[in-house]
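Values in this text are rule-based calculations from the coordinates and carry no lab data. The shown structure was predicted, so the numbers you read here are calculated from the model rather than taken from an experiment. Because the Cβ atoms are built from the backbone with ideal geometry, glycine has one as well, and the counts that use them run over all protein chains shown.
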Amino acid sequence: MNKTERRYISHEFRVSPEGETPTISGYAALFDTPSDDLGGWTEIVDPHAFDGVLSSNPDVRALWNHNADCILGRTTANTLHLNLDARGLGYVIDPPDTTIARDLIVSMRRKDITGSSFGFICKRDQWTDNADGTITRRILEFDELLDVSPVTYPAYSATTAQARSLPASMPKELRSKIAASGQWKMTTQRVSATALSA
């Protein structure tokens, strides 16, 4: 069974200047850019990974911190616009005139909020046990794109839903290698502590 995963990047959005109609824009994912250590492996998004899922005109939400109670935009409402370019998956949000959105924009302009993220379900990936002892996961195709979100914690390794369980697609021998290295245990303890203090 495929599980929802979330990935985070820092400093990849912009907020319109004061006095202009509020918009939030940036990148939710960057192509061919290695993630931080995800607990024993790094991850790379293939430049064509979003092609199939975006061709189906998915109903994607823009959320604040992946919280479904804090919706900022939606593709089917034409308040969230997604685009692919050579760099990655870009987005533009036309946020609502709500307390949550106004407060978020103030925090973003102050640079208190500095990250973007996206929630997804992976359809096809490739795992590589590299000669230097590292493990790389290349996401080749997404099954679903669930949301794009400005986030408080932009580090890949912090407060992700997937950080509590290894991807189901990870080969058994790589699971064993990560478990034997002790890296996974350290990461889950750090994430759990972060989640508890949030």
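Okay, here's what the table says:
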item: For the range 80-157 versus the range 49-73, the gap between their alpha-carbon centres in whole angstrom; result: 10 Å
item: Rounded to whole Hz, the Karplus (6.51, -1.76, 1.60) HN-Hα couplings of the range 52-67, x for glycine and proline; result: x, 5, 6, 5, 8, 6, x, 8, 9, 9, 9, 10, 8, 6, 6, 8
item: Where trypsin sites (Lys or Arg not before Pro) fall in DSSP loop in the range 37-125, at most 12 other Cβ within 10 Å; result: R110, K111
item: Contour minus Cα-Cα distance for R109 and E141 (0.36 nm per residue); result: 8.1 nm
item: Coordinate range along principal axes, alpha carbons of the range 47-140, Å, largest first; result: 51, 32, 25
